[in-house]
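Asker: Please read through the structure below; I'll follow up with questions.
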Amino acid sequence: MKSIFTVLALFVLLVGCNNQNKSDQSEAPTKENEEIKADSNEETQSNEEDNSEKHNDITEESNTEETDTTMDKDSQQADEDESKGKNVSEESDVSEGSKQKYLDKLSSIEKAATEIRNDNDGSTFGMRKSQEEILEKWDQALNEIYQVLEKQLPADEMEELRQEQRKWITLRDETAEKDASQFEGGTMEPLEYTASLAGTTKERCFELVENYMK
């Protein structure tokens with residue numbers, strides 16, 4: 001009877017050992033699976049973070065490009081507006097009140113010429129330099145008036161004025177030579193020549209403004 005109990009006890013013990021081994025074997029893969037799963041989750045999270053950073057970088061670059069494009073458009077629009085403003089201003093100078101504007105300007109040049117003559121040192125050299133400065137002012141005014149008339153006058157009238165202007169230049173030079181010839185060979189000859197040119201140019205400025213400018 002004891003031998004039977006002994007056999008049964010050994011049998012129970014063997015069965016228990018087998019179950020324990022199976023339990024250990026099932027737990028080991030489970031731990032390995034958990035570790036593999038954890039590594040996979042970490043890689044997934046890392047990939048998500050990398051993709052998120054890349055997306056943010058692309059978004060920032062896109063926003064920067066859009067901002068630069070907007071600034072370029074704004075700058076271009078500002079340049080166009082400024083250019084239009086200048087054109088409107090130039091047209092206004094030509095078409096509105098130009099005649100009175102230039103009459104006032106010529107009067108200002110007359111006053112400046114008087115001051116220049118009064119400020120020279122009284123020497124022949126000083127008077128000559130003064131007349132050269134005055135002539136330069138009247139020449140500049142004449143060229144400016146002529147450019148305005150080119151915009152205001154019809155083509156046929158402007159062509160007639162060009163022919164008349166050529167004749168006037170010849171007359172101006174001949175008059176200056178005649179006036180200077182009174183002092184031929186003297187120190188006053190070049191002074192008188194320059195003064196004559198200045199006086200004739202001044203008269204032509206007033207003539208063009210009063211007779212042609214609108």
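Asker: Grab the Cα-Cα distance for Lys105 and Thr170, subtract it from 0.36 nm times how many residues apart they are, and report the gain in nm with one decimal.
Answerer: Fully extending the segment from Lys105 to Thr170 adds 20.8 nm.
Asker: Of Gly126, Leu149, Thr200, whose Cα points farthest to the positive end of the dipole of region 97-212 (charges on the beta-carbon: +1 Lys, Arg; -1 Asp, Glu; origin at the Cα centre)?
Answerer: The residue sitting farthest along the positive end of the dipole is Leu149.
Asker: OK, next. Please list 99-106, 133-140 highest first by mean number of surrounding beta-carbon atoms within 10 Å per residue.
Answerer: 133-140, 99-106
Asker: Continuing with the same structure: Short version: ³J(HN,Hα) in whole Hz for each residue of region 129-141, in order, from phi by Karplus 6.51 cos²θ - 1.76 cosθ + 1.60 (θ = phi - 60°), x for Gly and Pro, what are they?
Answerer: 4, 5, 5, 5, 5, 5, 4, 4, 5, 5, 5, 4, 4
Asker: Using 7 Å Cα-to-Cβ label points, what is the Lys214/Glu160 separation (nm, one decimal)?
Answerer: Placing both labels 7 Å beyond Cα along the Cβ direction yields 1.6 nm.
All of the numbers you see were taken from the coordinates with simple rules; none came from a lab. From a predicted model like this one, the values you see are computed outputs, not experimental measurements. Glycine also receives a Cβ, built like all others from the backbone with ideal geometry; neighbour counts cover every protein chain displayed.
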